[in-house]
1. Quick one: would you say residue 206 is under 19 Å from residue 73 (Cα atoms) and free of Cβ contacts under 8 Å to residues at least 12 places away in the same chain?
2. In the stretch 175-222, which residues are of a type in the set (Lys, Arg) and within 19 Å of the chain's Cα centre (by Cα)?
3. Within the bounds of the stretch 174-189, is there any residue that is in contact with a Cys (Cβ under 8 Å, 6 or more places away or on another chain) and at pLDDT 95 or above?
4. Give the residues of the stretch 139-164 that are within 24 Å of residue 224 (Cβ to Cβ), of a type in the set (Gly, Ala, Ser) and crowded, with 20+ Cβ neighbours inside 10 Å, sorted by residue number.
5. Among the residues of the stretch 186-220, count how many are among the hydroxyl-bearing types (Ser, Thr, Tyr) and part of a strand (DSSP E or B).
6. List the pairs whose first member sits in the stretch 273-301 and is over 19 Å from residue 219 (Cβ atoms), whose second member is modelled with pLDDT under 90, and whose Cβ atoms are under 9 Å apart, counting only residues at least 6 apart or on separate chains?
7. Would you confirm, using the coordinates I've provided, whether residue 241 is under 23 Å from residue 86 (Cα atoms) and either surrounded by 19 or more Cβ atoms within 10 Å (Cβ to Cβ) or out of contact with any Cys (no Cβ under 9 Å at 6 or more places or on another chain) (or both)?
8. Yes or no: the stretch 254-264 includes at least one residue that is surrounded by 12 or more Cβ atoms within 10 Å (Cβ to Cβ), among the aliphatic types (A, V, I, L, M) and touching a Leu at 6+ places or on another chain (Cβ under 9 Å).
Amino acid sequence: MNKTQIQDFAKRITGTQSAPANERVKAVVDRMLLDLFVLIEDMDVTPEEFWSACNYVTELGKSNEVGLLVPGLGIEHFLDLRQDEKERAAGMEVGGTPRTIEGPLYVAGAPVSQGEARLDDGTDDGEILLMGGRVLDTRGNPVPGAKVEVWHANTRGNYSVFDQSQSPFNLRRTIVTDCEGCYRFRSVMPSGYSCPPDGPTQTLLTLLGRHGHRPAHIHFFVSAPGFRTLTTQINIKDDPHTHDDFAFATRDGLIPDVVHHTDPAVLRDMGVDRPFATIAFDFTLPHAVEGLTNAVVERARASAA
């Protein structure tokens, strides 16, 4: 079929209405159908290939891996880049901590602590991690009362709630900054993880000649009244996949130094019984700009219930 025939057919489909439509949804679906018809023609997609793709989408949904494939194809990072550009165009202050993907493993309702918290339940004997810093505005002023929501994997690369062997909300907390904008927490050093090897995400990545590995990382939502909420994560510097993340989440400014401590005297001074690591990291929030979304993106998320 030539382009005119394809366009005429698409108009026939999209022009079929028996009731008022949601104009936004209709415009997106109309464009999607036209682009799909053009792709099928240009790539000479066979009926077998098309129905194989439909079966794949079905399996993706059954496996609950849509939230894994979206970052794996770079789509979630692309949405971040678009939002960065919108904020620049709207004149938002420069110098804020870079945003990066949320991923699919956030769970609301983590216990709230004032100033500091212990994230782990004491059952993981991995390297102790002590992390802290401040929440600041773009002029370097502290932001007291900011919420620092933090969540990360254990030393096996698994997240509580999704991993039923962990206690509820293990390695998940909300920390409210003190009067100086400070937060700090004790946890265990997380491990990187990979897509399920037999799952549909890895199936597609393999066909694309790609791996499905993520580096060790720690997720954050950072929010305060009057500021743009930050969705971000830091990557652990020494991880072999820090600059080869299948989810494209690594960004400049999000790879802090990690200091490892093994001196017995230092361990005694800190009151710990095994080696530990420290990370210092400050979050910088730009002030909210009228007309821009300043909250966490609305999307379906897992529940602890």
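The values are calculated or read from the model by the stated rules, or taken from the named source; none is laboratory data. Nothing here was measured: the structure is a model prediction, and the numbers come from that model. Because the Cβ atoms are built from the backbone with ideal geometry, glycine has one as well, and the counts that use them run over all protein chains shown.
1. yes
2. 214
3. No.
4. 146
5. 3
6. Once the first residue is over 19 Å from residue 219 (Cβ atoms) and sits in the stretch 273-301, its partners that are modelled with pLDDT under 90 give 288/294.
7. No; evaluated as a whole, the condition is false for this residue.
8. yes
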